[in-house]
1. Would you pick out the residues in the range 32-51 that are of a type outside the set (A, V, I, L, M) and touching a helix residue (DSSP H, G or I) at 6+ places or on another chain (Cβ under 9 Å)?
2. Do we find that Gly120 is at pLDDT below 75 and closer than 26 Å to His37 by Cβ in this structure?
3. Out of (1) assigned to a helix (DSSP H, G or I); (2) farther than 27 Å from Trp114 by Cα, what's the single condition that is false for Ser42?
4. Looking at the range 83-91, can you tell me whether even one residue there is touching a His at 6+ places or on another chain (Cβ under 8 Å) and at pLDDT 80 or above?
5. Looking only at the range 67-103, which residues are closer than 22 Å to Pro116 by Cβ, assigned to a strand (DSSP E or B) and among the small types (Gly, Ala, Ser)?
Amino acid sequence: MRQWRSLAKEAMDRAFIVVKFLCFLHVTDSYLLSPTHVLGPSMLPTLNLTGDVVLAEHLSHRVGKLGPGDVVLVRSPFDPKKTLTKRIVAMEGDKVAFSLDPTRSHCSRSLVVWPPNSIGSLGQ
């Protein structure tokens, strides 16, 4: 009987270690950082066309540390299962000039003042 108790205690101890490790992985993946596979041509040359694995950290947007030039991952408004890669180009109040036709940039430029509570982004 003692042998069974010691085996059961050892099994419980090991199961507890596994549960703690899985909880640690969940918290890390949900709240700190997570690996994400990113592919597509729109983020060249920063990210490869064939795909890269990036570590996406989940803290900057919670403390307001985003700025122009940052690469962010957002959910697609058309397919919530899909994640899009974007680069921030403007923050609230920034003025952005862009060309609708790059071949005739001198005559088709537009200037936009970014509205409050929004972020302008480019990318895939």
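1. Result: Ser34, Pro35.
2. So Gly120 fits the description; yes.
3. Looking at each condition in turn, Ser42 falls short on (2).
4. Checked against the condition, which is being touching a His at 6+ places or on another chain (Cβ under 8 Å) and at pLDDT 80 or above, the range 83-91 yields no hits at all.
5. Ala90, Ala97
The values are calculated or read from the model by the stated rules, or taken from the named source; none is laboratory data. Model, not experiment: these values are computed from the prediction. So basically every Cβ, Gly included, is an ideal-geometry build from the backbone, and we count neighbours across all protein chains shown.
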